[in-house]
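Report on the following structure.
The values are calculated or read from the model by the stated rules, or taken from the named source; none is laboratory data. Just so you know, these numbers come straight off a predicted model, no measurement behind them. Heads up, the Cβs are rebuilt from the backbone with ideal geometry, glycines too, and the neighbour counts pull from every protein chain shown.
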Ligand code: ATP
Ligand code: MG
C-alpha cells in the first residue's frame, strides 16, 4: 500500500507551527502496518497545493492524505481546489449544514454565514464527521485516478488542520476506511513498550542480543528516545506475527523489568494516576526548580482530582520554611539543594496536605548557581510516605527546559516504583 501525505499551511513553512501531523499520521500508519512513502509540506496557496496534489496523484499512490485548509476563512482553499482539480461539483450537504448549526447551538452561538462553505461536499465524496469542530473531513474515491499514468485507483482523504479535530477523525473514520479499502496483504502486529530510567543504548544493550533469534524469525525492533524516556517498538508481519511479537514482548518485559512503565500511548503520569486510583492513595507535590511542571503533568490526566491534592511551588527559602516547615537550620547548614531539605519538603507537604504520599524536588537548574560539591544539574527528589522518607540524588545537566522535564519524570517515576 503506497501512501503519501500532503500537509498544507503557510504557518508550517514559516516555522510558526510545528508540523506535528506529519509525525502523528506517520506514526499511526506505521503502527497499523502501513508505510508512508512520501510527505510534502506546502503553503496555503492555490498553485502550491494544486501542484502538490497533481504530482502526488501522478505517482499512482493508493492513498493521499491532505491536512489543513478545510475551515471557513479565505486561506482555507483545499476543499474547493481539489473539487476543481478533479472536475467535481461542490454540493451543499444539508446533513453537514445542520451538524454545523448544532455545533454552534451547543456552544450557545449562531453559525456565522461563512461556515456554510464547510458544508459544501464534492460530488461523490464521503463525509467524515468532525466531533470536535465544524469542518468535516472528506474521502474521495478516484476509480480510476485521472492523474495516474497506469489508470490505477486511488483514495484521496482531506483532513482538517487542528490536531484536536484531525486526531479523533483519523482514528474514528480513516482507520476503518483504510482497513476496508486498503487491507494489508499480510497480518501486521506492533507493540510499543515505554521505558524510563535508562538511556537508549543501555536499553538496546540489555535486549538486542537476547532478541536476536526472534529478529531472524522476522521481528523488527525499533528504539525511539525522547526526553526522559525510550520506547521499544516490536513489530512483525505475516502469519506468525502475533506469536513473534508476543515472544519478543515477554522477553523484553523480563529483561527490562521495572523500567517499563507502560504500553502503547500511555504516559507516565497516566500510569501514576491509575496506580494511585487503584490503590486509593493520594499525593501532594512540593516543587522548587521544576516550577510546577510535575503538577501540570499530573493534572493533564483525566481523573487526577481523585488522587492529587495539591502542588506547591516553593521556590524561595522563605516559602520552603513558611509553607512546608523546612528548618532555617537545615537551609543554613545544608543548603536549599540538599538531601535534608528535600526530606523536610516532602515530609512538610505530606503533613500539611494530609496525603498518603508527597514528592519533593529541589535542584540547581543553572546556568549559574552551581558549586564543586553541587554542580549545575544536581537534584534531590524526596518521597515521603507512612513508611518513611527516601531521597534520591540525580544529576541532570541539561538546558533548563529539558532539566525540568527530566526531573519531573524522575519524581513521577520514583512514586510509580513505590506503588508497583
Ligand atoms: P480551521 O477550521 O481551524 O481553519 P483548517 O482545516 O482550515 O481548520 P488550517 O487553517 O490549515 O486548518 O489549520 C488550523 C490550525 O491547525 C493551524 O493554525 C495550526 O495551528 C494547526 N495545524 C494545521 N496544520 C498542522 C500541522 N501539519 N501540524 C500541526 N498543527 C497544524
Ligand atoms: Mg483554516
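Within the span defined as the range 330-352, every residue fails to be surrounded by fewer than 15 Cβ atoms within 10 Å (Cβ to Cβ), out of contact with any helix residue (DSSP H, G or I) (no Cβ under 6 Å at 6 or more places or on another chain) and modelled with pLDDT under 95. Taking the numbered list (1) under 28 Å from the mean Cα position of the chain (by Cα); (2) within 14 Å of ligand 1 (Cβ to nearest atom); (3) within 18 Å of residue 147 (Cβ to Cβ); (4) surrounded by fewer than 20 Cβ atoms within 10 Å (Cβ to Cβ) in turn, residue 26 passes all entries but (3). When 136, 47, 113 are checked against the criterion of being modelled with pLDDT of 95 or more and more than 28 Å from the chain's Cα centre (by Cα), a single residue qualifies: 47.
Can you tell me which residue is farthest from the chain's Cα centre (by Cα) among those in the range 60-76 that are surrounded by 17 or more Cβ atoms within 10 Å (Cβ to Cβ) and within 12 Å of ligand 1 (Cβ to nearest atom)? Give the derivation first.
In the first step, residues of the range 60-76 are kept if they are surrounded by 17 or more Cβ atoms within 10 Å (Cβ to Cβ); the result is 60-71, 76.
Retained after the next criterion (residues that are within 12 Å of ligand 1 (Cβ to nearest atom)): 65-71, 76.
On the way: 65: 20, 66: 21, 67: 18, 68: 19, 69: 23, 70: 24, 71: 24, 76: 26 Å.
Step by step, filter the range 60-76, then rank; the result is 76.
Pick from the range 139-158 the residues that are surrounded by fewer than 22 Cβ atoms within 10 Å (Cβ to Cβ) and part of a strand (DSSP E or B): which of them is farthest from the chain's Cα centre (by Cα)?
Here is the first cut: in the range 139-158, the ones surrounded by fewer than 22 Cβ atoms within 10 Å (Cβ to Cβ) are 139-144, 146-153.
Of the ones still in play, those that are also part of a strand (DSSP E or B) are 139-142.
Numbers: 139: 25, 140: 29, 141: 31, 142: 33 Å.
Checked the range 139-158; the qualifying residue farthest from the chain's Cα centre (by Cα) is 142.
Of all the residues in the range 287-322, those that are in contact with a strand residue (DSSP E or B) (Cβ under 6 Å, 6 or more places away or on another chain), assigned to a helix (DSSP H, G or I) and free of Cβ contacts under 8 Å to residues at least 60 places away in the same chain number 1. Only one of the listed residues (57, 81) is in contact with a strand residue (DSSP E or B) (Cβ under 8 Å, 6 or more places away or on another chain), modelled with pLDDT of 95 or more and either more than 30 Å from residue 241 (Cα to Cα) or within 14 Å of ligand 1 (Cβ to nearest atom) (or both). That residue is 57. If you go through the range 164-187 and keep only what is surrounded by 14 or more Cβ atoms within 10 Å (Cβ to Cβ) and either within 17 Å of the chain's Cα centre (by Cα) or assigned to a loop (DSSP other than H, G, I, E, B) (or both), you end up with 165, 166, 167, 168, 169, 170, 182. Filtering the range 8-63 to residues that are out of contact with any helix residue (DSSP H, G or I) (no Cβ under 6 Å at 6 or more places or on another chain), part of a loop (DSSP other than H, G, I, E, B) and within 16 Å of ligand 2 (Cβ to nearest atom) leaves 9, 14, 16, 45.
Within the group 161, 222, 197, which residue is within 30 Å of residue 247 (Cα to Cα), within 25 Å of the chain's Cα centre (by Cα) and part of a loop (DSSP other than H, G, I, E, B)? Steps first, answer last, please.
On the way: 161 fails: within 30 Å of residue 247 (Cα to Cα); 222 fails: part of a loop (DSSP other than H, G, I, E, B).
The unique qualifying residue is 197.
Counting only strands (runs of 3 or more DSSP E) that sit wholly inside the range 333-420, those with at least 3 residues that are touching a residue at least 60 places away in the same chain (Cβ under 8 Å) are 357-363.
The residue of the range 30-58 that is surrounded by the fewest Cβ atoms within 10 Å (Cβ to Cβ), among those that are closer than 30 Å to residue 189 by Cα and touching a residue at least 60 places away in the same chain (Cβ under 8 Å), is 32.
When the range 77-126 is filtered for residues that are surrounded by fewer than 15 Cβ atoms within 10 Å (Cβ to Cβ) and either assigned to a strand (DSSP E or B) or within 16 Å of ligand 2 (Cβ to nearest atom) (or both), the ones remaining, listed by number, are 91, 92, 112, 114. Using the structure shown, decide if residue 66 is in contact with a helix residue (DSSP H, G or I) (Cβ under 8 Å, 6 or more places away or on another chain), within 17 Å of residue 165 (Cα to Cα), in a loop (DSSP other than H, G, I, E, B) and within 16 Å of ligand 2 (Cβ to nearest atom). In short, no. List the number of the failed condition for residue 231; all other conditions in (1) under 20 Å from the mean Cα position of the chain (by Cα); (2) in contact (Cβ under 8 Å) with a residue 40 or more places away in the chain; (3) buried (at least 17 other Cβ atoms within 10 Å of the Cβ) hold. Of everything listed in (1) under 20 Å from the mean Cα position of the chain (by Cα); (2) in contact (Cβ under 8 Å) with a residue 40 or more places away in the chain; (3) buried (at least 17 other Cβ atoms within 10 Å of the Cβ), residue 231 misses just condition (2).
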